[in-house]
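Trainee: My structure is below; once you've seen it, I'll send some questions.
Only the coordinates and a few stated rules stand behind these numbers; no lab work does. Quick caveat: nothing in here was measured; it's all calculated off a predicted structure. Note that we place each Cβ from the backbone using ideal geometry, even for glycine, and neighbour counts take in every protein chain shown.
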Amino acid sequence: MKTWLRAILLFYWAAGSLVMAQQGTLAGITVKPENILFVGNKSISSQDLIAIFRSTGTVTAQLSPESMNIYDSNRINHSLNLILAFYHNRGFIKAAISPPEFDFAAPGPEGKVQMRLNIIENHPYRLGQVKINGAEVLSQALLISLLNLQPKGTINLSKITTGALAIQEAYLALGYLDFDVKTRVDTQDDKKIADVVLDISEGKQYHLGRVEMVGGSPIKDSLIRQFLPFQSGDIFGKRAFETCLQFLNELGITPVLTASDVTFRYNRSEALVDVSINLEGKTKR
């Protein structure tokens, strides 16, 4: 009679990520590809899931070929999160993976450990309505177009996140430096659809206050100011500031300037930003 030992590592959800519980930390264990078992998956094949599970993070972690079959807590955590992302981007926004089970029972050479991962897919959701709260500066139609979601298409959480970032960039370009957007998905299980909701806080629109030039230049300060695409009273947009630095660099009177050569002072009560540009470069050595 064989003696079976099964270890179940404990995981818990925190801040939207799957995190290994401290008492279940795994230092490193060898599991060969043929001993990785996925159960409950229907929309993604086990072969594809194993490929995702094994390859995730191996390049950024500079994992050597001989270490491909060795798993620790961080690697397992990272791989499972990416597998969940694959499901979430296919509309399975309520997909879940149960704690992995490790079977150490089979005696024999190294690498006989079996890992079992149970997946609960639930069902995919399609886009219902897009609801936007708190937006006054930009129209609902424009904001929805920036989200770039296909009507009645499969819900894709990564695409929603990317769309929210595009909306944020649009507001920053208009000087809304305190802009904030929170996204959520409200599901209607009986219809298998989900509404995407954006809660927007626009804040104040910032303008440029004083512009100070620090350091020497062969061209007079007053002349440089006349050519800057960045004048006091203008909307303080991200794009305008980048254009300003690009102009100074092309003028050739300074070292190559970056954002690190600029000092910002924010007056939130008056929604103004004072800017100090070091023409000689603060990082100059």
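Trainee: With a 10 Å cut-off between alpha carbons and a GNM built on the chain, which of Leu251, Leu138, Leu80 moves the most?
Mentor: Leu251
Trainee: Right, here's the next one. Taking Cα atoms, how many degrees apart are the long axis of helix 157-173 and the longest axis of the chain, rounded to 10 and kept between 0 and 90?
Mentor: Here the helix axis deviates by roughly 10 degrees.
Trainee: Among Pro151, Ala166, Val197, whose Cα projects farthest towards the positive end of the dipole of the chain, with charges put on the beta-carbon of Lys, Arg (+1) and Asp, Glu (-1)?
Mentor: Pro151
Trainee: Once a ≥ b ≥ c are taken as the square roots of the eigenvalues of the Cα gyration tensor of region 126-201, is the result rounded (a/c under 1.5), prolate (a/b larger than b/c) or oblate (a/b not larger than b/c)?
Mentor: The shape class here is prolate.
Trainee: Using the scaling law 2.2 N^0.38 Å as the reference, what is the normalised Cα Rg of the chain?
Mentor: 1.41
Trainee: Report the charge-dipole magnitude of the chain in Debye, nearest 20, computed about the Cα centre from +1 at each Lys and Arg Cβ and -1 at each Asp and Glu Cβ.
Mentor: 520
Trainee: Additional query: Helix-only mean residue ellipticity at 222 nm, the chain, DSSP H runs n ≥ 4 weighted -39,500 (n - 2.57), per residue, nearest 500. What is it?
Mentor: Values: 6 runs with 72 residues, N = 285.
Using -39500 (n - 2.57) per qualifying helix, the result is -8000 deg cm²/dmol.
Trainee: Continuing with the same structure: What residue among Ile52, Phe86, Phe104 has its Cα farthest toward the positive end of the dipole of the chain, where the charges are +1 on Lys, Arg and -1 on Asp, Glu, each on the Cβ?
Mentor: Phe104
Trainee: Checking the cross-link filter: which aspartates and glutamates have an alpha carbon closer than 14 Å to that of Lys42, excluding same-chain neighbours under 8 positions apart?
Mentor: Glu121
Trainee: Hey, fewest Cβ within 10 Å first, where do Met213, Met68 land in order?
Mentor: The most exposed by this proxy come first: Met68, Met213.
Trainee: Quick one: compute the contact order of region 126-201, relative version, from alpha carbon pairs under 8 angstrom and 6+ residues apart, as a percent.
Mentor: Relative contact order for region 126-201 comes out at 43 percent.
Trainee: Taking the 0 to 90 degree range and rounding to the nearest ten, how far is the long axis of helix 73-88 tilted relative to the main principal axis of the chain, both from C-alpha atoms?
Mentor: Once rounded, one gets 80 degrees.
Trainee: A further question follows. Which distance in nm do the two modelled labels at Ser64 and Asn267 give, with both placed 7 Å along the Cα-to-Cβ direction?
Mentor: The answer from the label model is 6.1 nm.
Trainee: For the chain, what does the relative contact order come out to in percent, with C-alpha contacts under 8 Å and a separation of six or more?
Mentor: It rounds to 14 percent for the chain.
Trainee: Running a GNM on the chain with Cα contacts under 10 Å, which residue among Thr60, Thr263, Thr243 ends up with the highest mean-square fluctuation?
Mentor: Thr60
Trainee: Gaussian network model of the chain, Cα springs within a sub-10 Å range: biggest mean-square fluctuation belongs to which of Pro218, Pro229, Pro100?
Mentor: Evaluated over the chain, the most mobile residue of the options is Pro218.
Trainee: Additional query: For region 44-113, state which GluC sites (Glu not before Pro) are in a DSSP loop and have at most 14 other beta carbons lying within 10 Å of their beta carbon.
Mentor: Taking region 44-113 and a limit of 14 other Cβ atoms within 10 Å, the loop GluC sites (Glu not before Pro) found are Glu110.
Trainee: What does the C-alpha gyration tensor say about the overall shape of region 174-244? Classify as rounded when a/c is under 1.5, otherwise prolate if a/b is larger than b/c, or oblate.
Mentor: Because a/c hits 1.5 or more and a/b exceeds b/c, region 174-244 counts as prolate.
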